[in-house]
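Reading through the structure tokens given below for one structure.
The values are calculated or read from the model by the stated rules, or taken from the named source; none is laboratory data. The structure displayed is predicted, hence computed values, not measured ones. Glycine gets a Cβ as well: all are built from the backbone with ideal geometry, and neighbour counts include every protein chain shown. These area figures cover heavy atoms from the full protein model, side chains too; ligands, DNA and RNA do not enter into them. Shrake-Rupley method; radii C 1.70, N 1.55, O 1.52, S 1.80 Å.
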Amino acid sequence: SNFPVKIFIGYDSSEPIAYHVCCDSILKNSSIPVSFTPIGLINKPNMYSRLRGEKDSTEFAITRFLVPWFCDFKGIALFFDGDMVVRGDVAELVYQLDPSKAVSVVKHDYTPKTQTKFLKQAQTAYNRKNWSSVMLFNNQLCTALSLTYVSRANGLDLHQFRWLEDEQIGELSPRWNHLVGEYPRSDSASNLHYTLGGPYFEDYKNCDHADDWQLAFDEAITPLKLRSD
């Protein structure tokens, strides 16, 4: 059975709250059973020795591509960056899987507006940027992503899906990876992606959709009441 649907969420030790709020937002809106696995440097296979590269803006920049390996190249799985609030039902993604596609993504076509993002990370512009931040994997067609390959491959080769033929890359609705701060504010987005930095960072506390993240955070910590002073 494909249930519960395996969902891997990017975990970075500099923003653990992002992971937990993302998980909770998915759970609250999902009509199907799901399971969560944090993926990053904190939860990597023992045999995986690749160090964080200087252009890796998060601890899960590369480890995200181990999802099919973690699943023994069977079934389907979803990957989400941690800096997201999901307002839609992930069943929508699962049920629109095209079995002929190895992976399905939102095919962004944009150039970043800024030179830097959260924690002064350099903002690297490249073809197919942010395609890999939400991925629906059809694991049996992703055997190219062996532990050895992911350990050694050039980062851009991974993020630009050079391990696949172009026709093997399916397309998801842009609603499922709305780039906050890069695209105009959207009240219909199924997934808000705080790619420049979430409101949990001081520099981004007033970003677009900060209120949506704060609401998701408040719901995740209910009934705990934190002092606001």
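List of remarks:
- Listed by first and then second residue, the pairs with beta-carbon distance under 7 Å, at least 6 apart or on different chains, first residue in region 202-222 and over 14 Å from CYS23 (Cβ atoms) and among the acidic types (Asp, Glu), second modelled with pLDDT under 95 and open to solvent by 50 Å² or more (accessible area, probe 1.4 Å), are ASP208/ARG185.
- Tally, over region 186-203, of residues that are over 20 Å from ASP218 (Cβ atoms) and open to solvent by 30 Å² or more (accessible area, probe 1.4 Å): 2
- Taking the criterion of being in a loop (DSSP other than H, G, I, E, B) and within 14 Å of the chain's Cα centre (by Cα), the residues of region 169-215 that qualify are LEU172, SER190, TYR194, THR195, LEU196, GLY197, GLY198.
- Among the numbered conditions (1) under 21 Å from TRP163 (Cβ atoms); (2) touching a Leu at 6+ places or on another chain (Cβ under 8 Å); (3) not in a strand (DSSP E or B), the only one that LYS55 does not meet is (2).
- The residue of region 1-31 that is nearest to ASP83 (Cα to Cα), among those that are β-branched (Val, Ile, Thr) and not in a helix (DSSP H, G or I), is ILE9.
- Residue within region 49-59 that is over 24 Å from ARG87 (Cα atoms) and touching a Phe, Trp or Tyr at 6+ places or on another chain (Cβ under 9 Å) present: yes
- With respect to (1) part of a loop (DSSP other than H, G, I, E, B); (2) under 21 Å from SER104 (Cα atoms); (3) of a type in the set (A, V, I, L, M, F, W, C), the lone exception for LEU158 is condition (1).
- Where a residue in region 36-65 is more than 21 Å from LYS6 (Cα to Cα) and its partner, wherever it lies, is buried (at least 21 other Cβ atoms within 10 Å of the Cβ) and of a type in the set (Gly, Ala, Ser), with Cβ under 7 Å and at least six apart: THR58/GLY10
- For region 85-96, a tally of residues being in contact with a strand residue (DSSP E or B) (Cβ under 6 Å, 6 or more places away or on another chain) and over 19 Å from VAL180 (Cβ atoms) returns 2.
- Selection of region 8-33 for residues being closer than 20 Å to ASP56 by Cβ and of a type outside the set (A, V, I, L, M, F, W, C) yields GLY10, TYR11, ASP12, SER13, SER14, GLU15, PRO16, TYR19.
- When residues of region 67-108 are limited to those that are of a type in the set (S, T, N, Q) and open to solvent by 20 Å² or more (accessible area, probe 1.4 Å), the one modelled with the highest pLDDT: SER100
- Any hit, region 152-167, residues being open to solvent by less than 20 Å² (accessible area, probe 1.4 Å), within 18 Å of the chain's Cα centre (by Cα) and aromatic (Phe, Trp, Tyr): yes
- Residue match in region 174-183 (condition: hydroxyl-bearing (Ser, Thr, Tyr) and either within 18 Å of ALA102 (Cβ to Cβ) or loosely packed, with under 15 Cβ neighbours inside 10 Å (or both)): no
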